[in-house]
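Reading through the structure tokens given below for one structure.
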Amino acid sequence: MTVSLLLIDGQAISNQWRKRLKRTLASLYLASFLAIHFNPTGQVVMFDIGQGDSLLIQTPFNRHQLLIDTGGRLALPQAAWQRRAQVSRAEKVTVNYLYSQGVDHIDAVALSHQDADHIGDLNQILKQIRVDRIICAAGLPQNRQFQRQIRPFLATVQIEPYLAGTAFKVGPQKFNVLAPTKPGKGENSDSLVLQAQIGGASWLFTGDLEQEGERAIIERYPQLTVDYLKVGHHGSETASDPTVIKKLHLKGALISAGRENRYGHPHQETLTTLQAAKVPYWLTAQQGMLTWSYGPGQSEKLQTTIKDSEK
């Protein structure tokens, strides 16, 4: 009789622990779900995708997303024995991050220009994430490289070309188009340039626009003020005109470039320009993914994978 009671008591205790474990797991799942889907923090994320550009803008409560460029590998000549199947950085980095945030749908993808390191992984994004709209500069839809990538998705994605002086919205967030002024072929000089007021700070996203284009923007918009700059052309000396950088009165600059990349980006000339203007800068090549966040009751914050920087 004593043995039977012990077995019954042991089974009862075991059942209690199972119930407690289920309740704990359910509570953790609910807390995780609420943290992801009801997070009042908005953010700008510069992905660490090697030699390329890809940024995500998320509105508070994770309701709307704009991806600016997708990154992609440059197609360098290879012998037959060197070719092997590769997983794109968009799959390894961008898509995994979106899934971790509970995102399986993007409102829009904005493409700055034709270069593979900016739009080469577009098809991988479109295959794995539902996208409503493609934002681009007028002229890019006629580009053959772009046409090849977008052709399989034309039935589900709306293409919207823009020129300077116009604007579009992603949810409540407005984006002003500052360049180009006329349709082009999708080259660096035709880069789609966007300005937006995000969380009380003015942001400027310039693609691979070079110095002549930067000066033209300042001439067209002499009252333009910018807090944070996505540095043009991965920090190449061809971008970041010293007079423009000085005039913008920046609080910070973000540079996307691959570690030990073959182009030497960012060039020392650009870093010297930023230093002379007393502009703090962050490099994905050194600090990994960069995340700038804002929200009610908190100061803006830029977080890296190595250290956190309060601004």
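The values are calculated or read from the model by the stated rules, or taken from the named source; none is laboratory data. The shown structure was predicted, so the numbers you read here are calculated from the model rather than taken from an experiment. All Cβ positions, even for glycine, are placed from backbone atoms using ideal geometry, and neighbour counts span all protein chains on display. Keep in mind that these areas ignore ligands, DNA and RNA; they rest on the heavy atoms of the full protein, side chains included. Shrake-Rupley method; radii C 1.70, N 1.55, O 1.52, S 1.80 Å.
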Excluding ligands, DNA and RNA, what is the solvent-accessible area per residue of the stretch 126-173 at a probe of 1.4 Å, expressed in Å²? 54 Å²
The simple spin-label model distance between Gln286 and Gln145, using points 7 Å out along Cα→Cβ, in nm, is 2.9 nm
How big is the gap, in Å, between the Cα center of the stretch 232-246 and the Cα center of the stretch 213-227? 13 Å
In whole Hz, what ³J(HN,Hα) sequence does the stretch 158-166 give by Karplus (6.51, -1.76, 1.60; θ = phi - 60°), x for Gly and Pro? 9, 9, 10, x, 9, 10, 4, x, 10
I'd like the carbon and sulfur percentage of the solvent accessible area for the stretch 237-295, probe radius 1.4 Å, heavy atoms only, ligands and nucleic acids excluded. 52 percent
Flagged as over-length at 20 Å C-alpha distance, from Lys174/Lys230; Lys182/Lys246; Lys247/Lys278, the pairs are Lys182/Lys246
Step through the residues of the stretch 98-110 one at a time and calculate ³J(HN,Hα) from phi using the Karplus curve (6.51 cos²θ - 1.76 cosθ + 1.60, θ = phi - 60°), rounding each to whole Hz and writing x for Gly and Pro. 4, 4, 5, 8, x, 9, 10, 8, 10, 4, 7, 10, 9
Quantify how much of the Cα-Cα distance distribution of the stretch 39-164 extends past 26 Å, in percent. 20 percent
Where a Cα-Cα gap under 19 Å defines reach, which aspartates and glutamates qualify for Lys169, not counting those fewer than 8 residues away within the same chain? Asp69, Asp107, Asp132, Glu160
Can you figure out the FRET efficiency of Asp104 with Ser299, using R₀ = 22 Å and their beta-carbon distance, to the nearest 0.05? 0.10
Could you list which residues have their amide H under 5 Å from that of Val131, counting only those 5 or more apart in sequence or on another chain, with H placed in the peptide plane? Ile106
Peptides 97-107, 181-191: what's the order by average Cβ count within 10 Å, highest mean first? 181-191, 97-107
Give the cross-link partners of Lys251 among the aspartates and glutamates, using a straight C-alpha distance below 20 Å as the criterion and excluding same-chain residues fewer than 8 apart. Glu214, Asp227, Asp241, Glu269, Glu300, Asp308, Glu310
Give me the three principal axis extents of the stretch 147-242 from the C-alpha atoms, as integers in angstrom, largest value leading. 44, 31, 23
Calculate, for Leu163 and Lys251, the FRET efficiency according to 1/(1 + (r/R0)^6) with r their C-beta to C-beta distance and R0 30 Å; round to the nearest 0.05. 0.55
When the Kirkwood radius is taken over all Cα pairs of the stretch 184-311, what Stokes-Einstein diffusion coefficient follows at 25 °C and 0.890 mPa s, in µm²/s? 163 µm²/s
Phi-derived 3J(HN,Hα) across the stretch 257-274 with the Karplus relation (6.51, -1.76, 1.60, θ = phi - 60°), rounded Hz, x for Gly and Pro, is 7, x, 5, 6, 5, 5, 9, x, 7, x, 6, 4, 4, 5, 5, 5, 4, 5
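Grab the beta carbon distance between Arg215 and Gln16, set R0 = 51 Å, and tell me the FRET efficiency rounded to 0.05.
After rounding, the FRET efficiency stands at 0.10.
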